[in-house]
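Engineer: Sharing a structure below in structure tokens format, with a few things to ask.
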């Protein structure tokens, strides 16, 4: 698997060049090694973009989101989508029976939090001060979010949790793949296209993995 850190280094260099920054390769390396848990979106925007405590299944589009530039829509919408997966995955360690699922949960949290951090940094670079542009009408978004039921997941444990998790996460991942494929066609940013390719590769592999588990656990 290609290390996402390497992708961040390449993406960061492109961001700085596009913005006319006087940074050098050390700046890009520093960006890749940044504290990914530190939000980079201004606090006024962050209040409407962090979804850790909300009911993802009832998420609504931001006002006039469809009028925003496509890349801004993609960033804000994919951040919300990724946060949903992270929140689901954080339930795994305490509730899952399968050791394989626990490993997947760790990977989802690690990889998608890094991707969220990268998208927040790009948003700050390219669209600082712009209002939120979460668009539930983006292809793949609505169906994959409305199928989430965090309360049900939280009420289960053991094999029942494992089966419900993959039942919810498979379509959630499928939605991300649809969104990423559209980004490959529509984005004007090489960094976003690179990220989209990573999302497609990684999440299709995880879909295949979870589908196999689902078939095995249902026997």
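Engineer: State the number of residues belonging to segment 201-219 that are under 30 Å from residue 68 (Cα atoms) and loosely packed, with under 15 Cβ neighbours inside 10 Å.
Structural biologist: Selection size over segment 201-219: 1.
Engineer: For the list (1) buried (at least 16 other Cβ atoms within 10 Å of the Cβ); (2) closer than 20 Å to residue 59 by Cα, I need the number of the one condition that residue 152 fails.
Structural biologist: Failing condition for residue 152: (1).
Engineer: If residue 115 passes every condition in (1) closer than 20 Å to residue 209 by Cα; (2) out of contact with any strand residue (DSSP E or B) (no Cβ under 6 Å at 6 or more places or on another chain) but one, which one does it miss?
Structural biologist: With respect to (1) closer than 20 Å to residue 209 by Cα; (2) out of contact with any strand residue (DSSP E or B) (no Cβ under 6 Å at 6 or more places or on another chain), residue 115 is out only on (1).
Engineer: List pairs: first residue in segment 173-200 and on the phi > 0 side of the Ramachandran plot and surrounded by fewer than 17 Cβ atoms within 10 Å (Cβ to Cβ), second residue modelled with pLDDT under 95 and not in a helix (DSSP H, G or I) anywhere in the structure, Cβ distance under 9 angstrom, at least six positions apart or on different chains.
Structural biologist: Taking only residues 6 or more apart or on different chains, not a single pair turns up.
The values are calculated or read from the model by the stated rules, or taken from the named source; none is laboratory data. These figures come from a predicted structure and were not determined experimentally. Positions of Cβ are backbone-derived with ideal geometry, glycine not excepted, and every protein chain shown enters the neighbour counts.
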